[in-house]
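Q: My questions will all concern the structure given below.
The values are calculated or read from the model by the stated rules, or taken from the named source; none is laboratory data. Bear in mind the structure is a predicted one, so any value in this text is a computation, not a measurement. Every residue, glycine as well, gets a Cβ built from its backbone with ideal geometry; the counts of neighbours run over all protein chains shown.
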Amino acid sequence: MKKQRNLRSMAAQAIEQVVEQGQSLSNILPPLQQKVSDKDKALLQELCFGVLRTLSQLDWLINKLMARPMTGKQRTVHYLIMVGLYQLLYTRIPPHAALAETVEGAVAIKRPQLKGLINGVLRQFQRQQDELLAEFNASDARYLHPSWLLKRLQKAYPEQWQSIVEANNQRPPMWLRVNRTHHSRDSWLALLDEAGMKGFPHADYPDAVQLETPAPV
């Protein structure tokens, strides 16, 4: 049995390595996933990729919620708070569980004295969520692109830049190829349905199935 680990702290440390050190998540994530149970591998991946995908929004929110940024050895806490915000915004994890696990992540990164700070920031976000998101959605930050890139897109594609940005922000679907020596596509779709997962066939590719929600398979 694998040792129980705090996924939120693992995700925060991985994200910090990507953002601060320029490392590739494709290199960092697989060794970390080997340290957790099969059921936790998908969540760890979701937290890492999800935070990186919405990094500018989460940074914007933290700047609104905190008087000054976390620096130096406490920088990991900045990314741990991001992981907490991402769960509250984009996952179906119950808020109380998201908060509890994120706060406990401070112990895993040897910053137990900051548990109160993390809890306070996340609870403040819960109280001010509607107001903060309304302000965010009225700003250019909502496009989740750096300002320099937005300016270039606006100059190069004055009529299409918003469509381009929206397409960039779309989460790509997960496609699978059915091995028809073992199952027909329809029988495989039925197996997915029995497992509580929804899939869709492709009109032009008889071996292809799209999952409604990405999942480890």
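Q: Criterion first (charged (D, E, K, R), part of a loop (DSSP other than H, G, I, E, B) and closer than 27 Å to residue 58 by Cα) does residue 171 satisfy it?
A: Against the criterion (charged (D, E, K, R), part of a loop (DSSP other than H, G, I, E, B) and closer than 27 Å to residue 58 by Cα), residue 171 qualifies.
Q: Select from the stretch 59-111 the residues that are among the polar types (S, T, N, Q) and either part of a helix (DSSP H, G or I) or under 16 Å from the mean Cα position of the chain (by Cα) (or both) and list them in ascending order.
A: Once the filter is applied, which keeps residues that are among the polar types (S, T, N, Q) and either part of a helix (DSSP H, G or I) or under 16 Å from the mean Cα position of the chain (by Cα) (or both), the stretch 59-111 yields 63, 74, 76, 87, 91, 102.
Q: Starting from the stretch 162-177, take each residue that is over 20 Å from residue 47 (Cα atoms) and list its partners that are loosely packed, with under 14 Cβ neighbours inside 10 Å and at pLDDT below 80, counting only C-beta distances under 9 angstrom and pairs at least six apart or across chains.
A: Hits for this filter: 176/217.
Q: So residue 149 passes all but one of these: (1) touching a residue at least 24 places away in the same chain (Cβ under 8 Å); (2) assigned to a helix (DSSP H, G or I). Which condition number does it fail?
A: With respect to (1) touching a residue at least 24 places away in the same chain (Cβ under 8 Å); (2) assigned to a helix (DSSP H, G or I), residue 149 is out only on (1).
Q: From the list 97, 106, pick out the single residue that is exposed (fewer than 14 other Cβ atoms within 10 Å of the Cβ), at pLDDT 95 or above and assigned by TED's automatic domain parsing to the domain that holds residue 128.
A: Only one candidate passes the filter, namely 97.
Q: So is residue 207 at pLDDT 80 or above, of a type in the set (D, E, K, R) and exposed (fewer than 12 other Cβ atoms within 10 Å of the Cβ) or not?
A: When the stated conditions are applied, residue 207 does not pass them.
Q: Quick one: what pairs do we get from the stretch 66-87, first residue assigned by TED's automatic domain parsing to the domain that holds residue 20, second assigned to a helix (DSSP H, G or I) and among the small types (Gly, Ala, Ser), C-beta under 6 Å, 6+ apart or different chains?
A: If the second residue must be assigned to a helix (DSSP H, G or I) and among the small types (Gly, Ala, Ser), the pairs left are 76/12; 79/12; 80/12; 80/105; 83/11; 83/12; 86/50; 87/98.
Q: Next question, about the same structure. Kindly evaluate residue 186 against the criterion of being under 27 Å from the mean Cα position of the chain (by Cα), in a helix (DSSP H, G or I) and at negative phi.
A: For residue 186, the condition - under 27 Å from the mean Cα position of the chain (by Cα), in a helix (DSSP H, G or I) and at negative phi - is not met.
Table: residues versus (1) under 23 Å from residue 53 (Cα atoms); (2) of a type in the set (Phe, Trp, Tyr).
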{"position": "126", "(1), (2)": "yes, no"}
{"position": "139", "(1), (2)": "yes, no"}
{"position": "148", "(1), (2)": "yes, yes"}
{"position": "167", "(1), (2)": "yes, no"}
{"position": "175", "(1), (2)": "yes, yes"}
{"position": "187", "(1), (2)": "no, no"}
{"position": "197", "(1), (2)": "no, no"}
{"position": "200", "(1), (2)": "no, yes"}
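Q: I'd like to check something: does the stretch 161-173 contain any residue that is at pLDDT 85 or above, exposed (fewer than 11 other Cβ atoms within 10 Å of the Cβ) and either β-branched (Val, Ile, Thr) or closer than 30 Å to residue 98 by Cα (or both)?
A: There is at least one residue in the stretch 161-173 that is at pLDDT 85 or above, exposed (fewer than 11 other Cβ atoms within 10 Å of the Cβ) and either β-branched (Val, Ile, Thr) or closer than 30 Å to residue 98 by Cα (or both).
Q: Identify the single condition in (1) free of Cβ contacts under 8 Å to residues at least 24 places away in the same chain; (2) β-branched (Val, Ile, Thr); (3) surrounded by 13 or more Cβ atoms within 10 Å (Cβ to Cβ) that residue 181 does not satisfy, given that it satisfies every other one.
A: Going through (1) free of Cβ contacts under 8 Å to residues at least 24 places away in the same chain; (2) β-branched (Val, Ile, Thr); (3) surrounded by 13 or more Cβ atoms within 10 Å (Cβ to Cβ) one by one, residue 181 breaks only (3).
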